[in-house]
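The next block holds one structure in the form of C-alpha cells; read it before the comments.
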Amino acid sequence: MITQRRLVPVLRRLLPVAVVTLTLTTCAKRTTVMNQAELTNFATRYAAAWSSQNPASLASFYAENGSLTVNAGPPSIGRAAITATAKGFMTAFPDMVVRTDEVSQDGSRAVFRWIWTGTNSGPGGTGKSVRIKGYEEWTFNADGLIVYSDGHYDEAEYQRQLKSGAPPVP
C-alpha cells in the first residue's frame, strides 16, 4: 500500500516534469491539416492569386511571419517580403498564369503541384514564353494560413526557356 509519506516525494519529483510537459504542449505551434476538398479549394484560390497580378493578394495566403522559399534560395519572410517576391515574378511575366496540377496531403504538410505559363515581357525581359512545372510544400498554422512554403522548379529548364522559349504543347 502506498502511504502519503511515500507518495509526496514521488509527486514532488513528477510535478516539474508535468509542468514542463504542459508548457511545451500549450506553447507548441499548432498546424492545420485540411481535408482534400478544403485543400483543393485553397490551392485553386492560391493559383488564382499568383495569376492575378496582385502580389498582396498572394501574400494574404501566408501567416504574418510566413515564409516563402524558392529553389533553396533565401526565404522571403513576412507578408511584405512575400509581396515583393511575387511582384518580381508578376512584373517579369505580366501574362503569368499558374494552374493547379495536383494537391495532396503528406503527413503534416501539403504538396501543391503547379504549372506556370507566361511570357517574359516585363522590363528587360527576353520576350520568350515559359511553361514550367513545379511544386510547393506547405505547412499551415491553426488559422489555415501558410507558415512555410518550400517551392521547387527546374531552374536549368527555366533558364533554357528564357533563352529559347517553351517547348511545343504535347
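The values are calculated or read from the model by the stated rules, or taken from the named source; none is laboratory data. Not measured: the values here are computed from a predicted model. With ideal geometry, Cβ positions are generated from the backbone for all residues, glycine too; neighbour counts draw on all protein chains shown. Note: accessible area is taken over every heavy atom of the protein model, side chains too, but ligands, DNA and RNA are not part of it. Shrake-Rupley method; radii C 1.70, N 1.55, O 1.52, S 1.80 Å.
Structure notes:
- Contact order, relative form, for the stretch 56-166: 26 percent (alpha carbon pairs under 8 Å, 6 or more residues apart, mean separation divided by residue count).
- Cβ-derived FRET efficiency at R0 30 Å, ASN71 paired with ASP106, nearest 0.05: 0.95
- Accessible surface, per residue, of the stretch 41-139 when the full set of protein chains is kept, probe 1.4 Å, Å²: 45 Å²
- Between ALA84 and GLU157, the modelled label-to-label distance comes to 3.0 nm, taking each label 7 Å out from Cα in the direction of the beta carbon.
- Residue by residue, the stretch 154-167 carries 3J(HN,Hα) couplings of 6, 4, 5, 5, 4, 5, 4, 5, 4, 8, 10, x, 6, x Hz when phi is fed to the Karplus relation 6.51 cos²θ - 1.76 cosθ + 1.60 (θ = phi - 60°); x denotes Gly or Pro.
- Note, ³J(HN,Hα) from phi for the stretch 102-108, Karplus 6.51, -1.76, 1.60, rounded to Hz, x at Gly and Pro: 6, 9, 8, 9, 10, x, 8
- Two-site label geometry, ARG99 and ALA37: point separation in nm, points 7 Å out along Cα→Cβ: 2.5 nm
- Under 5 Å, built H, 5+ apart or other chain: amide partners of TYR148: SER67, THR139
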